[in-house]
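Participant: Can you keep this structure in mind? I'll have questions shortly.
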Amino acid sequence: MHGAPQALIICSSALRVVELVKMLRVVTKRPVAKLFSRHIKIDMQKKMLEEGAVDVAVGTPNRVLRLLRDGDLKVNRLKLVAIDCWQDEKMRVVVDMDDTRSDLFAIWRDVLLPASKKPDYNFKLRLM
């Protein structure tokens, strides 16, 4: 379904998104979307989500939040939300970084938590 992945992985940086997408494309034949702002215009990502089916989306908190708020990324098919806890060279993870933490929590507070309260909706939240 367009714009509605089954798995959403949230990472701390564009470089980490690219790294995970490369790994995922080796192990899965399913479409994987890269969602980050570095060198990729949001309009291109919106068009990609609108035109093609995406089963796995990997992105940074800011871009994921923006696409969710604009309605281009949908959560109605989500089965898994994974928070990537990879540590950068300063030993920080996505929840430790000032520039990612507030967007990550906004995704939970504004989108995922309300969706999780619907009786017919069920997804798993994992830290990895």
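The values are calculated or read from the model by the stated rules, or taken from the named source; none is laboratory data. Keep in mind that this is a model prediction, so the values were computed, not measured. Note that we place each Cβ from the backbone using ideal geometry, even for glycine, and neighbour counts take in every protein chain shown. Side chains included, ligands, DNA and RNA excluded: accessible areas come from the protein's heavy atoms. Shrake-Rupley method; radii C 1.70, N 1.55, O 1.52, S 1.80 Å.
Participant: Kindly state, as a whole number, the per residue volume in cubic angstrom of the convex hull around the alpha carbon atoms of the chain.
Facilitator: Numbers: hull volume 13.1 nm³, N = 128.
Output value, Cα hull per residue: 102 Å³.
Participant: Next question. Nearest 500 deg cm²/dmol is fine: what mean residue ellipticity at 222 nm does the chain get from its DSSP H runs of n ≥ 4 alone, each adding -39,500 (n - 2.57), divided by its residue count? Mind dumping the intermediate values first?
Facilitator: Values: 5 runs with 47 residues, N = 128.
Helix-only estimate at 222 nm: -10500 deg cm²/dmol.
Participant: Let me ask another. Considering the Cα trace of segment 1-55, what is its radius of gyration and what is Dmax, both in angstroms?
Facilitator: So, for segment 1-55, Rg and Dmax equal 11.0, 28 Å respectively.
Participant: Can you pull the Rg over Rh of segment 76-128, Cα-only, Kirkwood? Walk me through the intermediate numbers first.
Facilitator: Details: Rg = 12.8 Å, Rh = 12.3 Å.
Looking at segment 76-128, the ratio lands at 1.04.
Participant: Quick one: net charge of Leu80's neighbours, Cβ under 12 Å, K/R +1, D/E -1?
Facilitator: Working: positive: Arg77, Lys79, Lys124, Arg126; negative: Asp55.
Surrounding charge for Leu80 is +3.
Participant: Still on this structure, I have one more. Can you list the residues, at least 5 places off or on another chain, whose amide H is less than 5 Å from the amide H of Ala82, using H built in the peptide plane?
Facilitator: Leu8, Ile9, Ile10, Arg126
Participant: State the Cα centre-to-centre distance between segment 1-60 and segment 94-122 in whole Å.
Facilitator: 18 Å
Participant: What figure, in Å² to the nearest 10, do you get for the accessible area of Arg92 with a 1.4 Å probe and non-protein molecules left out?
Facilitator: We get 90 Å² for Arg92.
Participant: In the structure shown, do any of Lys46/Lys90; Lys41/Lys74; Lys34/Lys74; Lys29/Lys79; Lys47/Lys117; Lys41/Lys118 have a Cα-Cα gap over 22 Å, and if so which?
Facilitator: On the way: Lys46/Lys90 32 Å; Lys41/Lys74 19 Å; Lys34/Lys74 15 Å; Lys29/Lys79 18 Å; Lys47/Lys117 30 Å; Lys41/Lys118 33 Å.
Beyond 22 Å between Cα atoms: Lys46/Lys90; Lys47/Lys117; Lys41/Lys118.
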